[in-house]
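The values are calculated or read from the model by the stated rules, or taken from the named source; none is laboratory data. The structure presented is a predicted model; accordingly, all values stated were derived computationally and were not measured. Positions of Cβ are generated from backbone atoms using ideal geometry, with glycine treated the same way; all protein chains shown enter the neighbour counts. Calculation scope for accessible area: heavy atoms of the full protein, side chains included, ligands and nucleic acids excluded. Shrake-Rupley method; radii C 1.70, N 1.55, O 1.52, S 1.80 Å.
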Amino acid sequence: MAAPSRRRFSGTASDESRKRRLQEFRDFTLAHPQLVEAKEKLMSAIQDSASNSLVMVFGPTGVGKTTLLAKIEKLLTQSLLSSLQTDRARIPVVSVEAVAPESGNFSWRDQFKRTLLRMEEPLVDCKLPQPVPESRGNDLNARLTAKTSGAEYRYAVEQALRYRRPLAVLIDEAQHLVKLTSGRKLLDQLDVVKSIANLTGTVHVLFGTYDLLAFRNLNGQLSRRSAEVHFRRYRADQENDRRSFVNTVHSFAQRLPFPDPPDLAVDWEYLYERSVGCVGILKDWLVRALAQALSRGTKTLTRPDLESCAPSVSQCERMLSEAIEGELRLRESADERRRLRTRLGLTDCTPDQQGFPGDAGLKPPRRVRPGQRRPVRDEIGRSSLYDGKHA
């Protein structure tokens, strides 16, 4: 990974204000390997999939999913610049955040309204059903408005997507769709997104934590129309990941607004420990430490600055537990693969004979009747019942 270009700072307050120097580092986005890989997979899923497909992007908290969303939004916009000059009604992408409900179920009415506002749709508050005559009573009017306004907003979203023709709808913090109480099923939640994608012919991309895995394989139709992108953290037990993380730390150090950049790579293990391998957590941590160092007027970022702003051990334990749990749910075991082959009627056919790469170790075990010995060669001159003693 090429080192980023470095700006020189004299270290004096007269050259540049502390707020501006801090903001420049906060706005800096590093194209580290995991981000680049996730970006390429997601762009391929958006461009090569059917127009009514669903794409789920999941990973641990703080891995950089929101940064990935902003990058995809920029790339999709750039891809349509030429046509946007002549087609003024079209927008390249719709990006909206799924807001967590204060209590109870996720509010689709609020989500539809926010989507319309993001598309700068006019007269959003007027997209409501017509009030009933006053003679029928205000209570009835209120009940009818509450029941039908969500549907009106949804119809307005569908119409807007049809005429504005974005390449994709990007929904950040999509794990909030899982927040439900009794009365609504997870499949109902995803059916809403699927239906809108199908009616409008627009790819919908859900960005979220591993909680999004609850939407995985709810039924066969969703499995067929869905694509997945795993934006994973760096693993210290893998040599390539460890090297990439150290390079990432070094690149961030080169962008710190100091005359002489600190050698943060020396403390990479400590930085990995308190970021659990997530670049987003690392970046937020460095921003807090930089703000503290600039407020004191120091000329570099020191280890005490890092330690005073680091996430606690209990916080790291929690984030790591959630990450490991999500990674385990994504892992496909040999037993699961063997069970699939058995249900498909492939039990008697060895995988390597069928041309599946890497399946040589998935042969079904040979059944042995109770009490029957497995075929082994006994050593001559020794008893098979008394190990180590002559017959």
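Observations on the model:
- Within region 1-46, the set of residues being at pLDDT below 90 and either within 16 Å of L68 (Cβ to Cβ) or among the small types (G, A, S) (or both) comprises A2, A3, S5, S10, G11, A13, S14, S17.
- Check on Q189, in contact with a helix residue (DSSP H, G or I) (Cβ under 9 Å, 6 or more places away or on another chain), open to solvent by 50 Å² or more (accessible area, probe 1.4 Å) and of a type outside the set (A, V, I, L, M, F, W, C): no
- Total residues in region 255-264, condition in a helix (DSSP H, G or I) and either open to solvent by 40 Å² or more (accessible area, probe 1.4 Å) or more than 23 Å from R296 (Cα to Cα) (or both): 1
- Look at (1) in contact with a Leu (Cβ under 6 Å, 6 or more places away or on another chain); (2) open to solvent by 30 Å² or more (accessible area, probe 1.4 Å); (3) in a helix (DSSP H, G or I) and you find that L218 fails only one, number (3).
- Hits in region 221-244 - residues which are open to solvent by 70 Å² or more (accessible area, probe 1.4 Å) and within 23 Å of N52 (Cβ to Cβ): Q221, R224, E228
Every residue, every condition in (1) at pLDDT below 95; (2) in contact with a strand residue (DSSP E or B) (Cβ under 7 Å, 6 or more places away or on another chain); (3) within 22 Å of S321 (Cα to Cα), yes or no:
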residue	(1), (2), (3)
S223	yes, no, no
T248	no, no, no
F252	no, no, no
L256	yes, no, no
E273	no, no, yes
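- Against the criterion of being open to solvent by less than 30 Å² (accessible area, probe 1.4 Å), outside any helix (DSSP H, G or I) and modelled with pLDDT under 95, P365 does not qualify.
- For region 240-256, the criterion of being under 14 Å from G62 (Cα atoms) and of a type in the set (A, V, I, L, M, F, W, C) is met by none of the residues.
- Residue in region 199-213 that is surrounded by fewer than 17 Cβ atoms within 10 Å (Cβ to Cβ), more than 18 Å from the chain's Cα centre (by Cα) and not in a helix (DSSP H, G or I) present: yes
- Looking at region 18-94, the helices (runs of 4 or more DSSP H) lying wholly inside it that each contain 1 or more residues that are touching a strand residue (DSSP E or B) at 6+ places or on another chain (Cβ under 9 Å) and open to solvent by less than 70 Å² (accessible area, probe 1.4 Å) sit at 33-48, 65-79.
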